[in-house]
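The values are calculated or read from the model by the stated rules, or taken from the named source; none is laboratory data. Please read all numbers here as calculations on a predicted model, not as lab measurements. FYI the Cβ positions are ideal-geometry reconstructions off the backbone, even for glycines, and counts take in every protein chain you see. Please note that ligands, DNA and RNA were not included when accessible areas were found on the heavy atoms of the full protein model with its side chains. Shrake-Rupley method; radii C 1.70, N 1.55, O 1.52, S 1.80 Å.
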Amino acid sequence: MDQQTIRQQILRQFPYSPTAGQERLIEMLSAFVKDTPGNFPLFLLEGYAGTGKTTVISALVRILMPAGYTPVLLAPTGRAAKVFSSYAGRPAFTIHKKLYKSGIDKEGKLTFRLMPNNIHNSFFIVDEASMIPDYNRQADNGFGFSRNLLEDLMEHVFSGSGSKMLFLGDTAQLPPVGINYSPAMDAEYLRSSYGLDITRFILTDVVRQSLESGILSIATGIRMKIGIFSSFSPLFGRANAFPDVRKISGDEMLDALHECYSQYGLENTVVITRSNKRANLFNQGIRLRILSHENEIATGDHLMVVRNNYFWLTEETHAGFIANGDTIEIERIGKIEELYGFRFAHVTMRMVDYPDDQAIDVILLLDTINTETPSLSETESRRLYEAVLEDYSEITSRQKRLAELRKNPHFNALQVKHANALTCHKTQGGQWEAVFIEKGYLTNDMLNDEYLRWLYTAVTRSTKVLYLVNFEEKFFE
């Protein structure tokens, strides 16, 4: 195909009359698909909420194979990959599943080998790229393994001949945990660090269809204030001006949650809070007063995994491993036991975001459910490590002791929290039909860019209805 034909094919797949910004983007994408602009070509697409970037990308995906490319769709989390797959119309995978193959080294440590890209003329599209960190993150296995995800992604993709890549993201969202910017969406950083030939476009025009949405109207207003918000002003439009955005008090929240669980289901409703402590309180209240779950865990509970786990799933499954941020549903509860100074539950569970994978038996670490830390603390992780290792003290070889530890199911127990209420970082990359945003404790001096990014990310998690809980009148026009 020549460039003009590619452009026409994308427009043919496009369901609406494109905006001027979308027209320009499609023209640039057509040139990027057709030409090879130097070494390591990367298209950096930043799109505001409601600008139709996902519609453009889904049209692009459909023409890649006729244009001679094999599309590979990736996202940082399982839920983000599920969302990406649903709008792009083909399977999407987590970055970790595509890049790494796990193994055990001579000392019994869990290792990850970076796989080569064996696909000729591959076209990688990475959604939610603003979430990708560029520092060595400690792997969640207790053995001190770490990798630089952004660096490994570059090495994998461009190890294949004729490869191209597109990053799709929104810099107004929360950056990766621990840093205050999104390196994967920073063109100058990517050029200087990886020698990429970058084409960049920012899609800013909110499409006509989105203007009817109160959720996107609020998101756009918040985004416009980032970087220029110097004093308190209303963050939202008029209260209850749109049918999909509702201002409610804490007293009204119980009835609203009842209504959403009935209409949208447990899986498609979430409460977003500012801290793990607040999330724990909401989860306790929801489970007791709405779901009538008095025990710590119950059949039907939705739990979010809060630490990567490579023990319970094989690489042949769709998920490949159980990732931090994956949601599981408990189907059956077996034995609950106390061992090594911790509490464990034997359960049968299914992966909510991977419906094609069968339910499996696992062990849950119950101690993480109500902690105010994101997962088991470093001190507690070390305590579990040493307690389990003591079981193998009769083995003289350290290498063999660690190998046995690696196979211990209690050491590899899933760390989880209840998923009815979550912090904003834990919801990033996902979407829910009904979202409740709880204001929490907030003073005027806390209304800064960091808070606006938090609020923008929280608002854009909702696809159908948004509840603003305990926001006073001063937040509205």
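Taking 0.36 nm per residue of separation and subtracting the Cα-Cα distance, full extension of the segment from Ser17 to Asn268 would add 87.3 nm. Solvent exposure of region 426-477 amounts to 37 Å² per residue of accessible area, where only protein heavy atoms count and the probe is 1.4 Å.
Using θ = phi - 60° in the Karplus curve 6.51 cos²θ - 1.76 cosθ + 1.60, the 3J(HN,Hα) couplings for region 169-174 round to x, 9, 6, 7, 7, 4 Hz; x is entered for Gly and Pro. Close amide H pairs (under 5 Å, H built 1.01 Å from N) link Asp301 with Ile330, residues at least 5 positions away or on another chain. If R0 equals 41 Å, the separation of the Cβ atoms of Tyr441 and His120 corresponds to a calculated FRET efficiency of about 0.15. Counting lysine pairs in region 42-107 whose alpha carbons fall under 24 angstrom apart, excluding pairs fewer than 8 residues apart on the same chain, gives 6. Quick check: Cα centre of region 33-63 to Cα centre of region 414-438, how many Å? When both Cα centres are located, 28 Å separates them. If the chain linking Tyr181 and Leu281 were pulled fully straight, counting 0.36 nm for each residue of separation and taking away their Cα-Cα distance, it would gain 33.0 nm. Surface exposure of region 204-356, expressed per residue as accessible area with a 1.4 Å probe, stands at 48 Å². With every protein chain in place and a 1.4 angstrom probe, the accessible-area ranking of Thr371, Thr273, largest first, reads Thr371, Thr273. For region 379-439, the list of GluC sites (Glu not before Pro) that fall in a loop by DSSP and count at most 15 other C-beta atoms within 10 angstrom reads Glu394.
Computed 3J(HN,Hα) for region 348-364, one whole-Hz value per residue from the Karplus formula 6.51 cos²θ - 1.76 cosθ + 1.60 where θ = phi - 60°, is 9, 9, 10, 7, 4, 8, 10, x, 7, 7, 6, 5, 9, 8, 9, 10, 9, glycine and proline marked x.
Taking amide hydrogens as placed 1.01 Å from N in the peptide plane, the amide H of Thr111 sits under 5 Å from those of Gly103, Ile104, Asp105, each at least 5 positions away in sequence or on another chain. Can you pull the percent of the chain's accessible area that's carbon plus sulfur, 1.4 Å probe, other chains left in place? Taking all protein chains in place, the chain shows 47 percent carbon and sulfur surface.
Across the options Met154, Met224, Asn308, the greatest Cα extent toward the positive end of the charge dipole of the chain (unit charges at beta carbon of Lys, Arg, Asp, Glu) belongs to Met154. Estimated from helices alone, the mean residue ellipticity of the chain at 222 nm is -9500 deg cm²/dmol (sum of -39500 (n - 2.57) over DSSP H runs with n ≥ 4, per residue).
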